[in-house]
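The values are calculated or read from the model by the stated rules, or taken from the named source; none is laboratory data. Since the structure is predicted, the reported quantities are computational estimates derived from the model, not experimental observations. We place every Cβ from the backbone using ideal geometry, glycine too, and count neighbours over all the protein chains shown.
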Amino acid sequence: MGSIIRLEEADPEKIRRVGEVVRNGGVIVFPTDTLYGIGGDPLNPSTVQRVLAIKRREKKPMPVLVSSIEMAQKFVDVDERAKKLMKAFWPGGLTIILRAKPLIPDKLTMGSNKLGIRMPDHAVALKIIEASGGGLIGTSANITGQPPATSVDELAREVEEAVDLIVDGGKTKLGVPSTVVELDSMEDSGRVKGSRLGSVRIIRVGAIGADLIESKLVLNKKGEKDAEF
């Protein structure tokens with residue numbers, strides 16, 4: 001069973017220890033604003049494979065949590081639509097699926113070349129991500145198909161026993177998963193030549209309502225629709 005660190009505030013020494021575990025290839029459980037997550041180095045293929053095994057996850061990609069919009073650009077291609085959503089809802093409960101950069105392991109995207117990315121609204125999580133190098137696998141801390149954990153007490157024993165470190169930050173603030181949107185490029189969406197933007201699809205409604213996302217994105221400066229939901 002992974003050792004437990006109580007960390008409700010961003011204690012620098014404890015944060016450093018957590019980051020060191022991640023940078024050395026370890027796997028952690030950590031709190032976010034939405035749910036508890038299983039984390040590790042997203043650029044380490046062995047770590048990615050280990051997290052997949054813990055989750056018993058075979059075909060579904062895993063998202064990455066980042067410490068800033070600038071860091072997101074290391075992992076995915078960020079266009080103007082994505083920047084607009086990031087500035088409106090980050091840090092917060094919105095995961096944005098974008099084209100992955102070539103350095104992302106195939107196992108993380110399951111060969112889709114697309115990656116979900118999010119900046120959580122949680123001070124401890126952000127400090128852990130920074131200490132880990134700016135990016136952290138951010139899949140929910142549960143076995144696939146089982147309920148997600150909103151506190152350390154809700155973790156499945158199999159998860160507790162499989163990870164190297166558990167960060168106990170108390171009950172999560174929101175207790176629901178993030179909302180997930182996918183931004184397709186013109187080429188991906190098959191829109192007509194000359195269309196300035198591709199399609200925007202809401203994959204999952206969670207912490208942020210679809211109407212709020214649409215209100216931030218669909219109207220350009222001239223009051224015309226930029227993209228379709």
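Annotation: T172 fulfils all but one of (1) exposed (fewer than 14 other Cβ atoms within 10 Å of the Cβ); (2) at pLDDT 95 or above; the unmet one is (1).
Among residues of the stretch 75-95 being buried (at least 16 other Cβ atoms within 10 Å of the Cβ) and touching a Lys or Arg at 6+ places or on another chain (Cβ under 7 Å), the one that is nearest to V48 (Cα to Cα) is F75. Taking the stretch 77-102 as the range and being under 15 Å from P42 (Cα atoms) and in contact with a helix residue (DSSP H, G or I) (Cβ under 8 Å, 6 or more places away or on another chain) as the test, the residues that pass are A100, K101.
The residues of the stretch 134-177 that are within 24 Å of E13 (Cβ to Cβ) and β-branched (V, I, T), listed by number, are I137, V152, V163, I166, V167, T172. In the stretch 2-30, the residues that are farther than 18 Å from S46 by Cβ and at pLDDT below 95 reach residues that are in a helix (DSSP H, G or I) and of a type in the set (D, E, K, R) with C-beta atoms within less than 6 angstrom, at least six apart or across chains, in these pairs: L7/K14; A10/K127. Taking the numbered list (1) under 19 Å from L183 (Cβ atoms); (2) in contact (Cβ under 8 Å) with a residue 12 or more places away in the chain; (3) not in a helix (DSSP H, G or I) in turn, K87 passes all entries but (3).
The criterion of at least 1 residues that are charged (D, E, K, R) is met, among strands (runs of 3 or more DSSP E) falling completely within the stretch 1-79, by 3-6.
Exactly one residue out of M119, M62 is surrounded by 22 or more Cβ atoms within 10 Å (Cβ to Cβ), under 20 Å from V18 (Cα atoms), in contact (Cβ under 8 Å) with a residue 24 or more places away in the chain and touching a helix residue (DSSP H, G or I) at 6+ places or on another chain (Cβ under 8 Å), and it is M119.
Name every residue in the stretch 202-224 that is surrounded by fewer than 12 Cβ atoms within 10 Å (Cβ to Cβ) and at pLDDT below 85, in order of residue number. Correct list: S215, K221, K222, G223, E224.
A single member of G145, G111, G92, G170 is part of a loop (DSSP other than H, G, I, E, B) and within 19 Å of I5 (Cβ to Cβ), and it is G170. Scanning the stretch 144-163 for residues that are under 17 Å from the mean Cα position of the chain (by Cα) and more than 19 Å from L108 (Cβ to Cβ) returns P148, A149, T150.
Would you say I104 is outside any helix (DSSP H, G or I) and touching an Asp or Glu at 6+ places or on another chain (Cβ under 6 Å)? Quick ask: steps written out before the conclusion?
Values: outside any helix (DSSP H, G or I): yes; touching an Asp or Glu at 6+ places or on another chain (Cβ under 6 Å): no.
When the stated conditions are applied, I104 does not pass them.
In the set G198, G194, only one residue is on the phi > 0 side of the Ramachandran plot, at pLDDT below 95 and part of a loop (DSSP other than H, G, I, E, B); that residue is G194.
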